[in-house]
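The values are calculated or read from the model by the stated rules, or taken from the named source; none is laboratory data. This structure is a prediction, so every number in the text was calculated from the model and none was measured. Quick reminder, even Gly has a Cβ in these numbers, built from the backbone with ideal geometry, and neighbours come from all protein chains shown. Accessible surface areas use protein heavy atoms only, side chains included; no ligands, DNA or RNA. Shrake-Rupley method; radii C 1.70, N 1.55, O 1.52, S 1.80 Å.
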Amino acid sequence: LSPRARARDLVARLTPAERVSQITDSAPTVARLGIPAYEWWNEGLHGVGTSPGVSFEEPTPYATSFPAPVALAAGFDEQAWERVAEMISTEVRAFHNAPPRQSNGSTYIGHAGLTIYTPNVNIVRDPRWGRAMETPGEDPELTSAYARAYVRGLQGAGDRPKLLATCKHFALYNLEGGSNGVPVRQEFDAKVRGRADLYNTYFPAFQACVEAGVRSFMCSYNAVDGVPACADPALLTQLRSWGWEGVVTSDCDAVANVFWSNSSLPGGHRYGGSGPGAARAAVAAGTDLDCGLKFFDGVEAAYG
């Protein structure tokens with residue numbers, strides 16, 4: 001059977017509750033079907049990074065740390081960007097090839113997963129943004145070139161990628177807030193004053209990711225014109241209109257944030273009418289994976 005046919009057969013054997021458990025970032029073991037535990041959340045912004053899916057225990061106690069993206073981008077060297085991403089992906093594979101490890105009562109394959117939440121291709125609009133160094137900067141053309149090179153380097157060429165890159169955060173995400181009257185990111189509503197700015201400034205880097213063959217996108221905490229990004233069918237349909245097929249994952253706890261947030265993250269959009277309603281809205285809009293636990297709470301909403 002082809003990989004797609006095997007996947008369809010396996011999904012058909014899962015119960016509704018088991019299916020939901022597999023579309024959260026910390027997917028548990030399904031012992032009766034031989035499915036091991038898997039952590040989708042792995043970081044590789046400028047090297048294999050600390051994240052729930054990565055273990056720095058022997059035999060993988062270290063990883064190479066490359067310059068931050070804003071510094072790499074300042075070199076204007078597309079070949080260097082792609083080569084750095086290639087080296088990161090090779091180290092990720094080395095981590096993944098490490099012996100199985102135990103964590104929270106589950107057995108995981110290797111010391112890292114093969115789904116990487118990088119690159120960050122948001123456009124910087126304010127130098128005070130605390131995550132500006134994670135991005136190539138403020139220029140859409142440069143950021144688009146960086147996105148293409150970095151995705152190619154991480155995934156490699158051909159139909160069997162070395163790993164799955166994730167372009168983030170879709171879309172219009174470029175503030176943290178929480179002081180001096182600036183709203184926190186979990187309740188920020190980005191108002192688009194002109195479609196030209198949307199398509200000329202904020203979308204090009206994400207479209208460049210599609211051109212490079214990226215396998216995954218991450219929807220962001222903020223809303224766009226009143227609709228939370230992870231529950232916005234028009235926004236997520238934009239990705240499909242570019243001919244893209246792949247997985248949409250939420251930012252971590254962004255599905256919970258569609259309605260309200262958990263205790264660790266303030267704010268929320270009060271969209272969807274309830275927590276389960278938020279999960280239903282995210283599923284209906286096209287969010288495939290919840291980096292968080294809200295899909296657990298919305299089983300009936302998602303399948304009803």
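Of note:
- In the set (1) farther than 28 Å from Tyr221 by Cα; (2) in a strand (DSSP E or B); (3) touching a residue at least 40 places away in the same chain (Cβ under 8 Å), the condition left unmet by Gln102 is number (3).
- Selection count where residues are within 19 Å of Ala149 (Cβ to Cβ), open to solvent by less than 40 Å² (accessible area, probe 1.4 Å) and not in a helix (DSSP H, G or I), scope the range 50-93: 2
- Those residues of the range 128-158 which are out of contact with any helix residue (DSSP H, G or I) (no Cβ under 9 Å at 6 or more places or on another chain) and at positive phi, in sequence order: Gly158
- Candidates are the residues of the range 33-49 that are in contact with a helix residue (DSSP H, G or I) (Cβ under 9 Å, 6 or more places away or on another chain) and not in a loop (DSSP other than H, G, I, E, B); the one that is surrounded by the most Cβ atoms within 10 Å (Cβ to Cβ) is Asn42.
- Residue within the range 112-134 that is acidic (Asp, Glu) and surrounded by 13 or more Cβ atoms within 10 Å (Cβ to Cβ) present: yes
- Looking only at the range 195-211, and only at residues there that are touching a Pro at 6+ places or on another chain (Cβ under 9 Å) and not aliphatic (A, V, I, L, M), the one that is most open to solvent (accessible area, probe 1.4 Å): Asn200
- Residues that are part of a helix (DSSP H, G or I) and open to solvent by less than 40 Å² (accessible area, probe 1.4 Å) do not occur anywhere in the range 8-16.
- Looking only at residues in the range 239-270 that are open to solvent by less than 30 Å² (accessible area, probe 1.4 Å), closer than 26 Å to Arg193 by Cα and outside any strand (DSSP E or B), the one that is modelled with the lowest pLDDT is Gly267.
- The residue pairs whose first member lies in the range 213-237 and is among the basic types (Lys, Arg), whose second member is assigned to a strand (DSSP E or B) and surrounded by fewer than 18 Cβ atoms within 10 Å (Cβ to Cβ), and whose beta carbons are closer than 9 Å, counting only pairs six or more residues apart or on different chains, are Arg215/Val247.
- Those residues of the range 212-238 which are assigned to a strand (DSSP E or B) and open to solvent by 30 Å² or more (accessible area, probe 1.4 Å), in sequence order: Val227
- Number of positions in the range 131-159 that are of a type in the set (S, T, N, Q) and over 25 Å from Val184 (Cβ atoms): 2
- Some residue of the range 175-183 being touching an Asp or Glu at 6+ places or on another chain (Cβ under 7 Å) and either among the polar types (S, T, N, Q) or open to solvent by 40 Å² or more (accessible area, probe 1.4 Å) (or both): no
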